[in-house]
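Peer 1: Please read through the structure below; I'll follow up with questions.
The values are calculated or read from the model by the stated rules, or taken from the named source; none is laboratory data. None of the values given here were measured: they were computed from a predicted structure. Note that we place each Cβ from the backbone using ideal geometry, even for glycine, and neighbour counts take in every protein chain shown. Heads up: the accessible areas ignore ligands, DNA and RNA and are worked out on the full protein's heavy atoms, side chains in. Shrake-Rupley method; radii C 1.70, N 1.55, O 1.52, S 1.80 Å.
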Amino acid sequence: MRHVYVNGDYLPETEARVSIFDRGFLFADGVYEVTLVLDGRLVDFSGHMARLRRSLGELDMPFSLAEEKLLEIHRELIERNQISEGLVYLQVTRGVADRDFNFPLKSTPNTVVLFTQKKSIVDSPLAARGQHVVTFDDLRWRRCDIKTVQLLYPSMAKMQAKAQGADDAWLVKDGFITEGSSSNAYIVTTDGTVVTRDLSTDILQGITREAVLLCAGSLQLRVEERPFTVEESENAAEAFSTSASGLVSPVVSINDKPIGAGKPGSITAHLRQLYLERKRASAI
Ligand code: PLP
């Protein structure tokens with residue numbers, strides 16, 4: 001049985017408990033990270049922990065576990081659950097308190113939960129065939145740069161995309177794509193430029209995004225970080241998304257319009273390959 005971590009203990013998943021008064025449960029008052037595991041090792045661990053600290057800071061949420069301790073917990077779970085390929089999920093909430101819109105005392109202990117997900121990530125059928133995406137109004141709150149567990153709207157958008165026969169939703173604000181339901185969004189223009197929205201409170205600062213833009217630079221590709229429209233996406237040569245769980249994942253249609261040849265593009269394939277090579281080499 002899978003073992004999980006809850007507030008200092010490693011437990012079989014059926015024995016793990018969190019209070020019904022947890023602020024994560026009552027107010028979505030929690031943040032999370034999902035770290036990729038390749039060959040039993042963690043990809044971009046320090047980047048994920050830096051983003052976690054940033055999310056906590058933006059929400060004024062105290063948290064005292066040191067990065068070395070968090071690394072030890074991640075590794076312990078990978079070991080106990082024999083994860084060669086998959087993900088480690090980490091969630092930190094403001095802890096347990098009587099239900100009140102006021103934050104509890106700063107001394108309230110956080111709830112800290114980690115679990116693993118065994119998953120075939122590199123050999124993904126979706127990456128081989130390419131994703132079909134449809135666009136939806138971005139109705140999320142205006143601090144999408146904070147990785148909170150408040151994920152109802154992206155989850156709804158994904159379900160609506162599926163109901164339309166697509167694989168995922170790309171979200172649109174004022175005519176411009178912000179990002180995917182749980183990924184960053186990119187197009188490759190017909191002149192070979194990789195375009196992705198610039199960082200702001202409108203999108204999550206993807207850890208994979210940062211690495212993939214470095215890969216694009218190494219491949220001598222021109223990169224533009226700027227908003228792009230739905231129409232530009234529909235007329236692009238290629239499109240793709242990035243995330244820890246999807247790596248670099250081709251998009252082959254938007255709103256039922258094929259992108260380029262309607263097949264995964266070659267620039268996308270090169271980026272995926274270089275990203276994987278680099279991350280296999282640098283995982284810890
Ligand atoms: N954007 C959103 C809204 C996400 O939920 C995610 C990942 O979950 C990403 C982007 C990609 O971030 P990362 O590359 O750090 O996984």
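Peer 1: State all residues of segment 141-176 that are within 12 Å of the ligand (Cβ to nearest atom) and either closer than 18 Å to Glu231 by Cα or acidic (Asp, Glu) (or both); if no residue qualifies, say none.
Peer 2: Scanning segment 141-176 gives Asp145, Asp168, Ala169, Trp170, Leu171.
Peer 1: Take segment 1-28 and flag every residue that is touching a Pro at 6+ places or on another chain (Cβ under 7 Å) and open to solvent by 60 Å² or more (accessible area, probe 1.4 Å). Let's see the steps before the verdict.
Peer 2: From segment 1-28, those touching a Pro at 6+ places or on another chain (Cβ under 7 Å) are 1, 3; that's our starting set.
Scanning segment 1-28 gives a single hit, Met1.
Peer 1: Consider segment 5-31. How many of its residues are in contact with a helix residue (DSSP H, G or I) (Cβ under 7 Å, 6 or more places away or on another chain) and of a type outside the set (A, V, I, L, M, F, W, C)?
Peer 2: Qualifying residue count, segment 5-31: 4.
Peer 1: Filter segment 239-277 for residues that are surrounded by fewer than 17 Cβ atoms within 10 Å (Cβ to Cβ) and not in a loop (DSSP other than H, G, I, E, B) and give the result.
Peer 2: Of everything in segment 239-277, those that are surrounded by fewer than 17 Cβ atoms within 10 Å (Cβ to Cβ) and not in a loop (DSSP other than H, G, I, E, B) turn out to be Lys257, Pro258, Ser266, Ala269, His270, Gln273, Glu277.
Peer 1: When segment 222-238 is examined, which residues are found to be under 18 Å from Gly206 (Cβ atoms), part of a loop (DSSP other than H, G, I, E, B) and either aliphatic (A, V, I, L, M) or open to solvent by less than 40 Å² (accessible area, probe 1.4 Å) (or both)?
Peer 2: Once the filter is applied, which keeps residues that are under 18 Å from Gly206 (Cβ atoms), part of a loop (DSSP other than H, G, I, E, B) and either aliphatic (A, V, I, L, M) or open to solvent by less than 40 Å² (accessible area, probe 1.4 Å) (or both), segment 222-238 yields only Phe228.
Peer 1: Mind listing just one residue for me: the one in segment 29-44 that is open to solvent by less than 10 Å² (accessible area, probe 1.4 Å) and among the hydrophobic types (A, V, I, L, M, F, W, C) and, of those, farthest from Ile121 (Cα to Cα)?
Peer 2: That would be Val31.
Peer 1: Looking only at residues that are of a type in the set (Val, Ile, Thr) and assigned to a loop (DSSP other than H, G, I, E, B) in segment 196-221, which one is nearest to the ligand (Cβ to nearest atom)? Steps first, please.
Peer 2: Step one: list which residues in segment 196-221 are of a type in the set (Val, Ile, Thr), which gives 196, 201, 203, 207-208, 212.
If we keep only those that are assigned to a loop (DSSP other than H, G, I, E, B) as well, we get 201, 203.
Details: Thr201: 12, Ile203: 6 Å.
Ranking the candidates gives Ile203 first.
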